[in-house]
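Q: Structure in structure tokens, see below.
Values in this text are rule-based calculations from the coordinates and carry no lab data. Everything numeric in this text was worked out from a predicted model, so none of it was measured. Reconstructed Cβ throughout: ideal geometry from the backbone, glycine too, with neighbour counts over all protein chains shown.
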Amino acid sequence: MKMGKTARVASLFSFRRIWGPALTLLGLLGQAVHWGWQSLDVLGRVDVLWRIVETMGGTTAMVASIVLSSWFSLGLIVVGVAYTVFVGEPKTGTQRHVWWPYAAAIIFFLCVTTMAAVAIYGAYELQLRKAYADGAAGVPRNTPANAQSRPQTPLYQEGYGGLTSDQSRILLVELPKIKTLVPAVYFTMMQNDFGANNFILQFEDLFRRSGFTNLQRGNQTPRGPDEEGLMIAVHDRNNIPVAAQKVMEAFEIADIPYKVIRIADGTSPDIQFSIFVGPRPIRWH
């Protein structure tokens, strides 16, 4: 009897039968990625990469929308179970066409390739965005020699201090998905920084439209010239709260550059994170 069970389990890995369980597991993986956005971030990072591609438009966005759909992964589960029951385990004496395993294998590898390609494309786009943001901000120079021998670079980085229409639309799609995981949003800025105040007003409008009711304000002074632009402040950068992670992911999908800093000294432990809209970034070259 034990040998029979062993042989039955081993037969699952035969070329004829393995594609049913494989498609089922792939569908379960897709479901885990899909619901990772709303759970404890299990595979949620892959979901973020797919969503970045979805917001880019074009054919790849259409493919990403299909992959993101829970119906896509649910369909894989149904196909995998159906294959296992009706093809992989036929009744005694029943003959199945020899091409069934090859067709199932093609479907499996096509889906795996598509899901992986969309994630890789999203990761590549995310790295490009970070590289562009770093290039726009520049790198500090300790020896500004011959500063007067060339045209002067504008002091402040252009394009900071407001959200574009596309960024606002994307946030209005993403923020409602995370409102149950973000109990409060705490904004801070330098006192009398009117540009930062206008930036925060845009964020507050989008958060309120998305169903957030607990929005708070506070003042904060940068601890040095490196604290500039849009920042997410947390108590421990090696242990970022889930609420902060979800806001960061929404910003990444909307292509809103930010950096993570340590939260201001004396901030209450009850405040998990804050969104610090700092001074306009300096262009160092």
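Q: So how strong a dipole does the range 207-285 carry about its Cα centre when Lys and Arg Cβ are +1 and Asp and Glu Cβ are -1, to the nearest 20 debye?
A: 240 debye
Q: Can you list residues whose amide H is under 5 Å from VAL260's amide H, if they're 5+ apart or on another chain and H is modeled 1.01 Å from N?
A: Counting only residues 5 or more places away or on other chains, the set is ILE232.
Q: If you place +1 on the Cβ of every Lys and Arg and -1 on the Cβ of every Asp and Glu, how big does the dipole about the Cα centre of the range 153-277 come out, in debye to the nearest 20?
A: Once rounded to the nearest 20, the dipole reads 380 debye.
Q: Scan around ASP193 for amide H atoms under 5 Å from its own, H built in the peptide plane at 1.01 Å from N, and keep only partners 5 or more places away or cross-chain.
A: none
Q: Between HIS235 and GLN127, how many nm apart are label points set 7 Å from Cα along the C-beta direction?
A: 3.5 nm
Q: Then there's this: First measure r as the distance between the Cβ atoms of SER268 and SER168, then evaluate 1/(1 + (r/R0)^6) with R0 = 25 Å and state the FRET efficiency to the nearest 0.05.
A: Plugging the Cβ-Cβ distance into 1/(1 + (r/R0)^6) gives 0.25.
Q: The range 159-285: D in µm²/s via Stokes-Einstein (Kirkwood Rh, Cα pairs, 37 °C, 0.692 mPa s)?
A: 223 µm²/s
Q: Calculate I(q)/I(0) for the range 172-220 by the Debye formula, one identical point scatterer on each C-alpha and no solvent, and give its log10 at q = 0.25, 0.26 Å⁻¹ to two decimals.
A: With no solvent term, the Cα-only Debye profile gives -0.91, -0.96.
Q: Continuing with this model, one more query. Let me have the relative contact order for the range 163-237, percent, based on Cα pairs under 8 Å that are six or more residues apart.
A: Averaging sequence separation for qualifying contacts and normalising by length gives 39 percent for the range 163-237.
Q: Taking θ as phi - 60°, what are the ³J(HN,Hα) couplings along the range 245-257 by the Karplus curve (6.51, -1.76, 1.60), each to the nearest whole Hz, with x for Gly and Pro?
A: The phi angles translate into 4, 5, 5, 4, 5, 4, 5, 5, 4, 7, 6, 10, x Hz.
Q: Moving to a separate point now. Given the range 153-277, what percent of its DSSP beta bridges are antiparallel, to the nearest 5?
A: 30 percent
Q: In nm, what is the difference between 0.36 nm times the number of residues separating ASP205 and ALA32 and their Cα-Cα distance?
A: 59.1 nm is the gain from fully extending ASP205 to ALA32.
Q: Okay, next question. Spin-label point model (7 Å from Cα, Cβ direction): what's the ARG280 to ALA61 distance in nm?
A: Inter-label distance under the simple model: 3.1 nm.
Q: May I ask you to evaluate 6.51 cos²θ - 1.76 cosθ + 1.60, the Karplus curve with θ = phi - 60°, for each residue of the range 50-61 and list the ³J(HN,Hα) values in order in whole Hz, giving x for glycine and proline?
A: Here the 3J(HN,Hα) series is 5, 5, 4, 5, 4, 7, 7, x, x, 5, 4, 5 Hz.
Q: Right, something else. Kindly write out, for the range 263-271 in residue order, the coupling ³J(HN,Hα) from the Karplus curve 6.51 cos²θ - 1.76 cosθ + 1.60 (θ = phi - 60°), rounded to whole Hz, with x marking Gly and Pro.
A: Working through the residues one at a time gives 5, 4, 4, x, 5, 4, x, 5, 8 Hz.
Q: Between HIS235 and residues 5 or more places away or on another chain, which pairs have amide H atoms under 5 Å apart, with H built 1.01 Å from N, and which residues are they?
A: Here the answer is ILE263, since their amide H atoms fall under 5 Å of that of HIS235.
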